[in-house]
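K.L.:
First the structure, then my questions, so here it is.
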Amino acid sequence: MTRRTMGLISIVLVLVVGFGALIAVPAVRADTTAPASAEEKAATDAKLATLKTVGQKVREAAKAVQEKVKTAKAAGKDLSAFKAGIATALKGGRNLRFNVARMRKPQLIAAERTQLKGVEVRALKLRKQLKAKIDAKAPQAEIDALKPQLKTIIAEREALVKAFRARARAQFLTRLDNLITGATKELTLLNGLLAKLP
């Protein structure tokens, strides 16, 4: 019971931290990642509120089951037929905590990491070339020829970052939905057990 309670209490706090981490993209400067829109934030807040509400109901149902089991045992009632159900209901929110833990350290997938690194290497090379020409007082035409190339590479990198953020956000919301679904199933299990217990 204690594990379940602690696990569910920690879910919302961890999710908020996890979502903040998802917004930041490894190996890319913070100024290349725009903050979530008002609509995105509202949608996320609504899901977090739902999870918090369901989590509270699960805690209350779990406490009710514990108290009913305690009362039944004190009255000498036979609970052997409910042994498996009680064990399942009160084992703690292990699956929920495992899913939350996986959300805490979002990372670029290998392909995205390779793409970003390649773009950043090309951008760095062009910047060095541009600086060298400027320092050498090269003809303006040569300098101007490099600027559109650099601009194109920067735009390419920003597009990759945007794509990663979209994937990461979709992944975050999917996992959040899974947590809500899991908590809802646990609530149904607890309520069902509560109704059957003598």
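The values are calculated or read from the model by the stated rules, or taken from the named source; none is laboratory data. As the structure is a computational prediction, the values presented were derived from the model and not from experiment. Because the Cβ atoms are built from the backbone with ideal geometry, glycine has one as well, and the counts that use them run over all protein chains shown.
K.L.:
Using the structure shown, decide if LYS147 is over 28 Å from the mean Cα position of the chain (by Cα), over 30 Å from GLY85 (Cα atoms), exposed (fewer than 13 other Cβ atoms within 10 Å of the Cβ) and without any contact (Cβ under 8 Å) to a residue 12 or more places away in the chain. Steps first, please.
P.N.:
Details: over 28 Å from the mean Cα position of the chain (by Cα): yes; over 30 Å from GLY85 (Cα atoms): yes; exposed (fewer than 13 other Cβ atoms within 10 Å of the Cβ): yes; without any contact (Cβ under 8 Å) to a residue 12 or more places away in the chain: no.
So LYS147 does not fit the description; no.
K.L.:
Within region 105-136, can you find the residues that are at pLDDT 85 or above and among the charged types (D, E, K, R)?
P.N.:
GLU112, ARG113, LYS117, GLU120, ARG122, LYS125, ARG127, LYS128, LYS131, LYS133, ASP135
K.L.:
Can I ask one more? Being more than 22 Å from LYS57 (Cα to Cα), touching a helix residue (DSSP H, G or I) at 6+ places or on another chain (Cβ under 9 Å) and not β-branched (Val, Ile, Thr) narrows it down to one of LEU189, LEU130, so name that one. So that I can check it myself, show each step before the final result.
P.N.:
Working: LEU189 fails: more than 22 Å from LYS57 (Cα to Cα).
Checking each option against the conditions leaves just LEU130.
K.L.:
Another one. For region 106-129, which positions are assigned to a loop (DSSP other than H, G, I, E, B) and either in contact with a strand residue (DSSP E or B) (Cβ under 6 Å, 6 or more places away or on another chain) or touching a residue at least 60 places away in the same chain (Cβ under 8 Å) (or both)?
P.N.:
PRO106, GLN107, LEU108 - these are the residues of region 106-129 that are assigned to a loop (DSSP other than H, G, I, E, B) and either in contact with a strand residue (DSSP E or B) (Cβ under 6 Å, 6 or more places away or on another chain) or touching a residue at least 60 places away in the same chain (Cβ under 8 Å) (or both).
K.L.:
What is the one condition in (1) farther than 25 Å from LYS52 by Cα; (2) loosely packed, with under 13 Cβ neighbours inside 10 Å that THR188 does not satisfy?
P.N.:
Every listed condition holds for THR188 apart from (1).
K.L.:
While we're here: Go over the candidates ARG102, ARG97 one by one and state the one that is modelled with pLDDT under 80 and in contact with a Ser or Thr (Cβ under 9 Å, 6 or more places away or on another chain). Walk me through how you get there before you give the answer.
P.N.:
Details: ARG102 fails: in contact with a Ser or Thr (Cβ under 9 Å, 6 or more places away or on another chain).
Going through ARG102, ARG97 in turn, the sole match is ARG97.
K.L.:
Could I ask something else about it? Would you point out the residue of region 83-94, among those that are exposed (fewer than 14 other Cβ atoms within 10 Å of the Cβ), modelled with pLDDT of 50 or more and part of a helix (DSSP H, G or I), that is farthest from the chain's Cα centre (by Cα)? Walk me through it before giving the result.
P.N.:
So the first thing to find is which residues in region 83-94 are exposed (fewer than 14 other Cβ atoms within 10 Å of the Cβ), and the list is 83-84, 87-88, 91, 94.
Imposing the further condition that a residue be modelled with pLDDT of 50 or more reduces the set to 83-84, 87-88, 91.
From what is left, the residues that are part of a helix (DSSP H, G or I) are 83-84, 87-88.
On the way: LYS83: 35, ALA84: 32, ALA87: 29, THR88: 26 Å.
The extreme case among them is LYS83.
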